[in-house]
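Peer 1: Attaching a single structure in structure tokens format; questions to follow.
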Amino acid sequence: MSELIGIDECEHLTAQQVHSLYGKYVSRSQVSLMTSFGFGRELVERAEGMWIWTRGGRRILDFTGGVGVLNHGHNHPRILAARRRYQERERMEVHKTYFSPYIAALGHNLAQLLPGDLNMSFFPNSGAEAVEGAVKLAYKYHKGRRHRILRADIAFHGKLLGSGGLTAVGQNRFTFPTIPGICTFQYGDLTSVREAIAAARRPDGRCDVYAILIEPFSASTVRFCSEEFLRGLREICTAEDIVLIFDEIYTGWGKTGSLFHFMRYPGLVPDVLTTSKSFGGGKSSISAFIAREPIFRKAYDNLTDSLLHSTSTTYYGFGEETATAIEAVNIAVEDDYPKRAREIERVLAPGLDRIRKEHADSVAEVRGAGAMYGIFLDGGPKLLDLAARLAPAGLARDPNFRIKLITCAVVDALYRDHGVYAYYTLNGHNPLVAAPSLVAEPADVEYFLDSLDQTLAKGLTRLLVRFVREKVAPRWPSAS
Ligand SMILES: Cc1ncc(COP(=O)(O)O)c(C=O)c1O
């Protein structure tokens, strides 16, 4: 056997060595894809707040918000202290037979912060696990007697077999087997929800839908439901005894200007809520589903069923993760993260609107809320034609890929020319996303806006040609 790499040596690997190891042991194609961007070619030395320092000594403004994970910014001092404290006191996290004070306290805190009787929590590791746990709970609530679950046509709920199946078809390039009975409605359209329920009605007229799963704010398409739609869904679900699940895995803990997006509407309470990402303060891989008490009690709260979806899952509520989440939640509340998001919005929204007007030939639309905005680029038919000719062979005919290529060119230019790290979503029209951490200062937002303005001033055609010539073409043969 060849020598094993130790942690010290690992921290001194060069970018080239890391790419080579990824190629051999992780994924060659991932290396080809991600090295098209400046950030795929560099390694990170350290990160703090809004900033990343690369090995090469560059300081990068991280405007991605960690794709939902970094409301607290990188390495928040209170989060680091909570983790150190847990380690230094040599706490125990493995046995589930000893009750955990951390799980008890976190469950208590969530129940205090969430409206109504959203009181009962379960703490797995990832968003997808929280979604699947919520769906399983809804199925069990109906004792397996209902067989359909409704999801939106633009849904994103994760990538495991269950959550991946619940993710909208448009996002999946390949169909995997999944849970049975998934039906689709149009996002934001109550008539379409009623039709889907009616189509699933049994011959005796009884409802066959056990759950409706929805993101009140869809981060992957930057679309959000109206108050009327969400309240209408609540009414339908109450009338038909359907379990209403809000997926706020991305948008929780202040991102769009309220603690959870749905909480801007007083009195609106789902039956189950899912959260993850910034719930872990940027350091802890933890998620949760939180259920209304009667739903949880009917599904699992008896001696026979209490272990069906239970604390015996290996990494359920792991100590350091849970302690970190307690601190992350306390910070979000004490530092009023919803207010911070609204303050960011006060600079970001008018700035983006100005950019949309000044670059009307490049920016089709800007939309969002709080610290979560999408910038929809579109250079008109001529540029789309050019993108189709320059796209790697095989992808040219995919209209979404053309927009994606143009957006990638802007993402690449922001990073290369201005040291600004932004991302684009993989859903729908692939908007460029401006979703900074909630520790962002007005000056950070202004720097992003100036950088975007200067980048777009170069013209999308120039940016696209440069990106394809220098980054894409050397890796992938283009269409023409
Ligand atoms: C709304 C939503 N649901 C579910 C997930 C899946 O979470 P995870 O990637 O942790 O499995 C995500 C991830 O981006 C998400 O944004």
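The values are calculated or read from the model by the stated rules, or taken from the named source; none is laboratory data. Only a predicted model underlies this, so the values are computations on that prediction, with no experimental measurement involved. Glycine also receives a Cβ, built like all others from the backbone with ideal geometry; neighbour counts cover every protein chain displayed. Protein only, heavy atoms only, side chains kept; ligands, DNA and RNA dropped before computing areas. Shrake-Rupley method; radii C 1.70, N 1.55, O 1.52, S 1.80 Å.
Peer 1: Would you mind telling me the antiparallel percentage of the DSSP bridges in the chain, rounded to 5?
Peer 2: So the antiparallel bridges amount to about 65 percent of the total.
Peer 1: Rounded to the nearest 10 Å², what accessible area does ILE52 show when all protein chains are kept and the probe is 1.4 Å?
Peer 2: Estimated to the nearest 10 Å², ILE52 gives 20 Å².
Peer 1: If you filter region 1-103 for chymotrypsin sites (Phe, Trp or Tyr not before Pro), then keep DSSP loop positions with at most 14 other Cβ within 10 Å, what is left?
Peer 2: TYR98, PHE99
Peer 1: Based on Cα positions only, what radius of gyration and what Dmax would you give for region 204-314, in angstroms?
Peer 2: Rg and Dmax of region 204-314, Cα atoms, are 15.5, 51 Å.
Peer 1: What per residue convex hull volume, in Å³, comes out for region 78-334 when only alpha-carbon positions are used?
Peer 2: Considering the Cα atoms of region 78-334, their hull volume per residue is 129 Å³.
Peer 1: Roughly how many percent of the accessible protein surface of region 1-52 is carbon and sulfur, given a 1.4 Å probe and a whole-percent answer?
Peer 2: Of the solvent-accessible surface of region 1-52, carbon and sulfur hold 55 percent.
Peer 1: Across the chain, where is the longest run that never hits GluC sites (Glu not before Pro) in a DSSP loop with at most 12 other C-beta atoms within 10 Å?
Peer 2: 91-480
Peer 1: May I pose another question? For region 78-334, with every protein chain kept in place, what is the accessible area per residue (1.4 Å probe, Å²)?
Peer 2: 44
Peer 1: Still on this structure, please answer the following. Report, in listed order, any pair from LYS283/LYS471; LYS136/LYS404; LYS140/LYS283; LYS96/LYS283; LYS140/LYS277; LYS277/LYS404 with a Cα-Cα distance greater than 28 Å.
Peer 2: LYS283/LYS471; LYS136/LYS404; LYS140/LYS283
Peer 1: Same structure again: Of all the accessible heavy-atom surface of region 78-334, with the other protein chains kept in place and a 1.4 Å probe, what percent is carbon and sulfur?
Peer 2: 54
Peer 1: Residue by residue through region 369-384, which ³J(HN,Hα) values in whole Hz follow from phi under the Karplus form 6.51 cos²θ - 1.76 cosθ + 1.60 (θ = phi - 60°), with glycine and proline marked x?
Peer 2: Using θ = phi - 60°, the values come out as 7, x, 9, 8, 10, x, 10, 8, 8, 6, x, x, x, 5, 5, 5 Hz.
Peer 1: For the chain, what value does the Rg/Rh ratio take when both radii are computed over Cα atoms and Rh is the Kirkwood radius, given to two decimals?
Peer 2: 0.97
Peer 1: Separate question: In region 344-480, if the dipole is taken from +1 on Lys/Arg beta carbons and -1 on Asp/Glu beta carbons about the Cα centre, which of VAL363, PRO436, VAL420 is farthest to the positive end?
Peer 2: The Cα lying farthest towards the positive end belongs to VAL363.
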